[in-house]
Amino acid sequence: MSVWSRPLIALALAATSLASCGAPGPAEEPPLSDEALSAVTADPGAPTKALAREVDDLFRMEGLGETRALIVMHDGKLAAERYGAGYDAETRFVSWSMAKTVTALLIGQLVGDGLLRLDEPAPVPRWQRSGDPRADITLRHLLQMRAGLEHTEAGPVPYESSEVRMLFLDGRDDMADYATAQPPEAEPGEKFEYSSNTTVILADIAARTLADADHAEARRRAVSDYLDARLFEPLGMTSMVPEFDRAGTLVGGSLMHATARDWAKLGELMRRKGSHRGEQLVPRSWIEKMVAPSAASPHYGLQTWLNRPNGEPEHPLFPNRAPQSMFAMIGHMGQYVIVSPEQGLTIVRLGHSNREERIAMLQQVADIMELYPVQGR
């Protein structure tokens, strides 16, 4: 090395050192709290600190609403679990419309038992009168929200909503009677219209199929016993409390209560295509039907939301950030059981978020999901 090279190298090193001192580096993330770290298990299937931080953000970030419970299951094992202040593993959370997916599981078991048929006219006595166009409505139409009945799920005046009137006003004592009385407004199968009232019709069909008598207690007991024996007890869902109206009809579109862990068990059952510990509780073919789209609604299966593009600017899930095989139970104000079979994931998020908060909150859930690669890639 020449005598001229040494000072030039020294000068270059000094300049580099000064530049690095003055250049701003990446912002250092704040340390994780014990609460954040303790939410993640020893083997979460993703980087522990990254998962703890994303979970912490879901509970702490502004603009997401209130997250009251979160469970992340990966490959059947608990990866993360956390609760908001005032809630814990024993708290029962209301389903709202997540109950619709449970009702579809019930109908699937009855179809599997040979008691109902998917593509035959729905067994609703009121619709069987001569000349009634509703006689062409099939069980599949009801399950896919394509019955064509007149309905307004929500509107600017809450008490004018068909759902509110059925649940809380003039239809509340006999919800199925109110729902089945609605006139047709479209050909069966023609269009998708989300309807809580349609799910009550399905619950009424289940009661008529199972009950030996038509009085309220017989209907309630028949459906309750069937669900307990065929679904809830085999899964160990000891917290589940379904609600019934005065006529003994399961409020199958809106009102079931269970812990976050028990909601996760339902998600896991669907991820495993109806199988639990070697027993096929729900026919595998039925689960496959539940997560298949209809021609009228690419983002909706049988009482189950799908992560498929719907051609609309707003989507109930996030097809641009997770596999299209993902599906979900979704309830009012931000209740979610999200299942991504390709990632081995079931995520339960329960809480309270308005429309704008739900949109932002789902992106945070997507951040959690993106820590888990699609399996086999």
If you go through 219, 230, the only one that is in contact (Cβ under 8 Å) with a residue 40 or more places away in the chain, of a type in the set (Lys, Arg), touching a helix residue (DSSP H, G or I) at 6+ places or on another chain (Cβ under 7 Å) and crowded, with 17+ Cβ neighbours inside 10 Å is 230
Condition set in a loop (DSSP other than H, G, I, E, B) and small (Gly, Ala, Ser), scope region 316-338, selection surrounded by the fewest Cβ atoms within 10 Å (Cβ to Cβ): answer is 325
Cβ pairs under 8 Å, 6+ apart or interchain, first in region 22-45 and at pLDDT 95 or above, second open to solvent by less than 90 Å² (accessible area, probe 1.4 Å) and part of a loop (DSSP other than H, G, I, E, B), ordered by first then second residue, are 45/75; 45/344; 45/372
How many residues of region 148-197 are aromatic (Phe, Trp, Tyr) and surrounded by fewer than 16 Cβ atoms within 10 Å (Cβ to Cβ)? The answer is 2
Among helices (runs of 4 or more DSSP H) entirely within region 82-173, at least 1 residues that are over 23 Å from the mean Cα position of the chain (by Cα) and modelled with pLDDT under 95 occur in 162-168
Of the residues in region 339-377, those that are assigned to a loop (DSSP other than H, G, I, E, B), closer than 20 Å to residue 39 by Cα and among the hydrophobic types (A, V, I, L, M, F, W, C) come to 371
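Quick one: which of 119, 136 is open to solvent by 80 Å² or more (accessible area, probe 1.4 Å) and in contact with a Lys or Arg (Cβ under 6 Å, 6 or more places away or on another chain)?
119
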Scanning region 236-246 for residues that are surrounded by 18 or more Cβ atoms within 10 Å (Cβ to Cβ) and in contact with a Lys or Arg (Cβ under 8 Å, 6 or more places away or on another chain) gives 237, 239, 244, 245
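The values are calculated or read from the model by the stated rules, or taken from the named source; none is laboratory data. Predicted, not measured: the structure shown is a model, and the values here were computed from it. Quick reminder, even Gly has a Cβ in these numbers, built from the backbone with ideal geometry, and neighbours come from all protein chains shown. What goes into the accessible areas is simple: the full protein's heavy atoms, side chains included, and nothing from ligands, DNA or RNA. Shrake-Rupley method; radii C 1.70, N 1.55, O 1.52, S 1.80 Å.
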